[in-house]
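Colleague: Starting off with a structure, shown below.
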RNA sequence: GUGGAUGUAGCUCAGUGGUAGAGCCCCGGAUUGUGGUUCCGGCUGUCGAGGGUUCAAAUCCCUUCAUCCACCCCA
């Protein structure tokens, strides 16, 4: 094994069913997002480390201990741990939001240096969408509706629950934060170690601690909802009303705080009970201050990110099959003599139809050739023996349905196949 | 990053110190122009890697790598 170079930890080769199921998820997101008028943006995989530490937050785990960082000659670069910071940077760089309200979506690899597990990889795939320039909760609601549409189309609606919360605007958030710090300081010694540390750097995060003792303390902690000012409260109320009008069920979870620092107002998470500790399949919210924080003109914005791998795993978990792609037609000569003719038939069929046509290679006896046709997954075998080659014909054998084999002139092939099914 | 479990054929696994196994898969034949069923025959391994103990190691010990589970974190 020493001269082999094995797969890097947390990385995967994707093929066959696993790849097919990831592609299904991505393509449903693509179709749905485009049907809502969102435009694809392709973002770089690497950015300056500073973009993430400023945009996502120095104190977040994603930035402080999970980034793949490399030092270039003059600056520190990192593989992106998420997509929002890049997207905002791109919008600022090209000034896309001047006199405009761009709605963008992206898909691609994200990287986090964590200990891998099923559903948690060091390179994983996210689909995300971001809408810039809209203040109201109408956009927030649309984002959620888009994702709910996708769950519908992927047949996972019943497996996924939506939780929402409001972090309020900056002023509300700060007042709540102060109240939290006061409260937790009073019982500091009863908190678990992690939470004590968070008290200094990110007190909000104590709220979603899983430590039992800490949770008891959190039960009585000041609620964000009591600190929302009028603007924040109106925003959140309208958000909930709009969701209700669409018939989207969302549970308010006052302890839902997002792991990344940039969120304000409405935040949301999609969870599933099927994936153990990797239960979160997506999340998002509003981040009105981020554009300004990253050096652009102030601009309200909201977005979501979905873990494509986890949605694909969830579908597998509940028994939804996604067959790998297979050829439609398998062309085989019965012996070497007819192979030239078989090649001609195949290329003619490719030109005159949109079938995926695979030609038998590697020789073998008729039995072996037929077996290869079967194994390829093709639904139709085009069989060419000496007789067919001499008469400019082919024999059509349906491999997956009960239908009698027929022999037709090559010129009739496309029409016969199209009416076959 | 912390704790734990696991790693033997392409796959699922049995094998706890004494000649590396089973089922499935694959290949060939029965059926010399027809797959998927059946029957017969056959192939398949650096026992994750490196080191140690022993007459002898898949088995015991150490190290290491990977996967999985929980924590952590998030998607």
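Colleague: Answer yes if at least one residue in the stretch A:298-316 is more than 30 Å from residue A:258 (Cβ to Cβ), surrounded by 17 or more Cβ atoms within 10 Å (Cβ to Cβ), touching a helix residue (DSSP H, G or I) at 6+ places or on another chain (Cβ under 9 Å) and in contact (Cβ under 8 Å) with a residue 24 or more places away in the chain, and no otherwise.
Modeller: no
Colleague: Just one of (1) within 13 Å of RNA strand B (Cβ to nearest atom); (2) assigned to a helix (DSSP H, G or I); (3) not assigned by TED's automatic domain parsing to the domain that holds residue A:256 trips up residue A:210, so point out which.
Modeller: Answer for residue A:210: the failing condition is (2).
Colleague: Please verify whether the stretch A:85-96 includes one or more residues that are surrounded by 16 or more Cβ atoms within 10 Å (Cβ to Cβ), within 16 Å of the chain's Cα centre (by Cα), touching a residue at least 60 places away in the same chain (Cβ under 8 Å) and within 15 Å of RNA strand B (Cβ to nearest atom).
Modeller: Checked against the condition, which is being surrounded by 16 or more Cβ atoms within 10 Å (Cβ to Cβ), within 16 Å of the chain's Cα centre (by Cα), touching a residue at least 60 places away in the same chain (Cβ under 8 Å) and within 15 Å of RNA strand B (Cβ to nearest atom), the stretch A:85-96 yields at least one hit.
Colleague: Going through A:396, A:384 one at a time, which residue ends up being over 30 Å from residue A:152 (Cα atoms), surrounded by 14 or more Cβ atoms within 10 Å (Cβ to Cβ) and without any contact (Cβ under 8 Å) to a residue 40 or more places away in the chain?
Modeller: Step by step, each of A:396, A:384 is checked, and only A:396 is over 30 Å from residue A:152 (Cα atoms), surrounded by 14 or more Cβ atoms within 10 Å (Cβ to Cβ) and without any contact (Cβ under 8 Å) to a residue 40 or more places away in the chain.
Colleague: Report the residue count in the stretch A:226-281 for those that are away from RNA strand B (no atom under 16 Å from the Cβ), without any contact (Cβ under 8 Å) to a residue 24 or more places away in the chain and part of a loop (DSSP other than H, G, I, E, B).
Modeller: Adding up the residues that qualify gives 1.
Colleague: Give me a count of the residues in the stretch A:64-84 that are surrounded by 12 or more Cβ atoms within 10 Å (Cβ to Cβ), modelled with pLDDT of 90 or more and not in a loop (DSSP other than H, G, I, E, B).
Modeller: 6
Colleague: I would also like to ask the following. Those residues that are within 16 Å of RNA strand B (Cβ to nearest atom) and either exposed (fewer than 11 other Cβ atoms within 10 Å of the Cβ) or under 12 Å from residue A:353 (Cα atoms) (or both), I need them from the stretch A:405-416; list them, please.
Modeller: Selection gives A:405, A:413, A:416.
The values are calculated or read from the model by the stated rules, or taken from the named source; none is laboratory data. Small disclaimer: the values here were computed from a predicted structure and weren't measured. Note that each Cβ is placed from the backbone with ideal geometry, even for glycine, and that neighbours are counted across all protein chains shown.
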